[in-house]
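The numbers here are math on the coordinates, done by the rules we state, and not lab data. Quantities reported herein were computed from a predicted structural model and do not represent experimental measurements. Ideal geometry is used to build each Cβ from the backbone, glycine not excepted, and the neighbour counts take in all protein chains shown.
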Amino acid sequence: MAAKKLFDGIFWVGAEDWDRRLFDSLIPLPDGTSYNAYIVQGRELTVLIDAVDPSKKDIFENHLKEFPRIDLIIANHLEQDHSGLIPCVLDRFPGSRLLATPAARDLILTHLHVAPDRIRTVADGERLDLGGRTIRFIHFPWVHWPETMLSYLEEDKILFSCDLFGSHLASSELMAEDENRLDEPAKRYFAEIMMPFRKIIQKNLLVIEGLELNFIAPSHGPIHSRPAFIIDAYKKWVADRPENSVLIAWVSMHDSTAKMVNYLTEELASKGIKVMPFDLTVADLGHLAMSLVEAATIIVASPTILTGLHPLAAEAIFLVNALRPKALFAGFIGSYGWKSRALGQLQSMLDSVKFELLTPVQIKGAPRPEDLLLLSKLAADIYQKHQAAGLF
Ligand code: FEO
């Protein structure tokens, strides 16, 4: 495969990864992914913006053969899927240097073992003149590592955003021709990777909105030829206001907790609340993460096993705590046999979020009519809280 010309002097030198199904040995990739890297040529300097995953070394090196010189390598982000091959590029072009934020310097030394004299740090707002083309560096930490930055090509009005605005989608189309196709991969990507940094993105989106943009070129997924599509989506996802919905992450062993979930689902739905139940024995955690982006209330439903949470429920709580969604309320329901410490475990695991905890409903054995009344009361409580929060 050859490098692809995007515009005069601007080339895509990335790689599609059609078959990858897990990222970080954790995140499901139902649509594969891509690692986008770009060459930008000015009259005096040629730069490479980011590299690709080391698993695609052969493809990447074939691309680079088409370019007799690279003077500078810009590392917007040091995670290995973009930086792992940078030492190879530095070797291939012995006169080249690596540009990154000051916060990236230590990561470059410890992760990539690059010689210190090959690194040059760039300041926030610093401009690099390539000869007829200017790249402005915009420090944008915590999307999603501490060293991240964006590179803005001023004359062409292209923002090279690395992970930010990306989507895990392998595609033969470099440009996002069909935005509908991007809805799920982009939201899944935000939910799994960017959501913990929602507040930081919220604040920094103002910087991006101040740029004139023709294109946003991320390092995963298609290039956005209509930047408003992804910027507007991010504005909605990072906003503080959740939607009038309840996510129920549930698991059941002998059907008692399942009956509780079904009853609560019907009660909530009858009040006009959107309900998103996830059976954790079969759920795609990416879909669960996407539903966390807008849910106002999160209910964990777990039976008690060995006096504690079912491991699948514990995994879901761990995920919620790590992703730090914008939900306002959380609750716990479930059945136990003789004794349960599950609620205390849930409370101790949610140490990164500030949900208001609703009155739990834990019952012994199979649900009786009086137990179902407690679930009706929980549904009424959720309805009132959503109403008071202005979500209807
Ligand atoms: Fe695509 Fe954070 O690496």
Would you work out which of ILE10, LEU22, GLY131 lies farthest towards the positive end of the dipole of the chain? Charges go on Cβ: Lys and Arg +1, Asp and Glu -1.
LEU22
When the chain is modelled as a GNM with alpha-carbon springs shorter than 10 Å, which of GLU243, GLU79, GLU356 fluctuates the most?
GLU356
Positive-end extreme of charge dipole, the chain - chosen from LEU174, ALA342, PRO242 (charges on Cβ):
ALA342
In terms of the charge dipole of segment 1-82, which places +1 on Lys and Arg and -1 on Asp and Glu at the beta carbon, the residue among HIS63, ALA51, GLN80 farthest towards the positive end is HIS63
Along the Cα→Cβ direction, 7 angstrom out, place labels at THR281 and ARG181. What is the inter-label distance in nm?
3.7
Once normalised by the length of the chain, the mean sequence separation of its alpha carbon contacts under 8 Å that are 6 or more apart gives a contact order in percent of 11
Output the relative contact order of segment 127-235, whole-number percent, from Cα pairs under 8 angstrom with separation of 6+ residues.
29
To the nearest 20 debye, what is the magnitude of the charge dipole of segment 215-298 about its Cα centre, counting +1 on the Cβ of each Lys and Arg and -1 on the Cβ of each Asp and Glu?
300
Point-to-point label distance, ALA123-LEU373, nm (Cα→Cβ direction, 7 Å offset)
7.1
Which of LYS4/LYS57; LYS56/LYS203; LYS259/LYS377; LYS271/LYS354; LYS57/LYS235 have a Cα-Cα distance over 28 Å?
LYS56/LYS203; LYS57/LYS235
Within 10 Å of each candidate Cβ there may be at most 15 other Cβ atoms; applying that plus a DSSP loop requirement, which GluC sites (Glu not before Pro) in segment 170-200 survive?
GLU173, GLU177
Would you compute, for the Cα atoms of the chain, the largest minus smallest coordinate along each principal axis and list the three values in descending order, in whole Å?
78, 39, 35
Build a GNM of the chain with springs between Cα atoms under 10 Å: which of HIS82, HIS168, HIS254 gets the top mean-square fluctuation?
HIS254
Choose one answer from GLY210, GLY286, GLY125: the residue with the largest mean-square fluctuation in a GNM of the chain with alpha-carbon springs under 10 Å.
GLY210
Selection of trypsin sites (Lys or Arg not before Pro), segment 35-106, meeting DSSP coil and at most 16 other Cβ within 10 Å
ARG43, LYS65, ARG69
Could you tell me which of rounded, prolate or oblate describes segment 39-126, using a ≥ b ≥ c as the square roots of the eigenvalues of the alpha-carbon gyration tensor, with rounded for a/c under 1.5 and, failing that, prolate when a/b is larger than b/c and oblate otherwise?
oblate
For TYR336, TYR189, order by how many other beta-carbon atoms lie within 10 Å, fewest first
TYR336, TYR189
Does segment 4-238 come out rounded, prolate or oblate, given a ≥ b ≥ c as the square roots of the eigenvalues of its C-alpha gyration tensor, rounded meaning a/c under 1.5 and, failing that, prolate meaning a/b above b/c?
rounded
Sequence ranges 12-24, 258-270, ranked by mean other-Cβ count within 10 angstrom, highest first
258-270, 12-24
Where the only charges are on Cβ atoms (+1 Lys, Arg; -1 Asp, Glu), what is the dipole of segment 246-382 about its Cα centre, to the nearest 20 debye?
260
So how strong a dipole does the chain carry about its Cα centre when Lys and Arg Cβ are +1 and Asp and Glu Cβ are -1, to the nearest 20 debye?
900
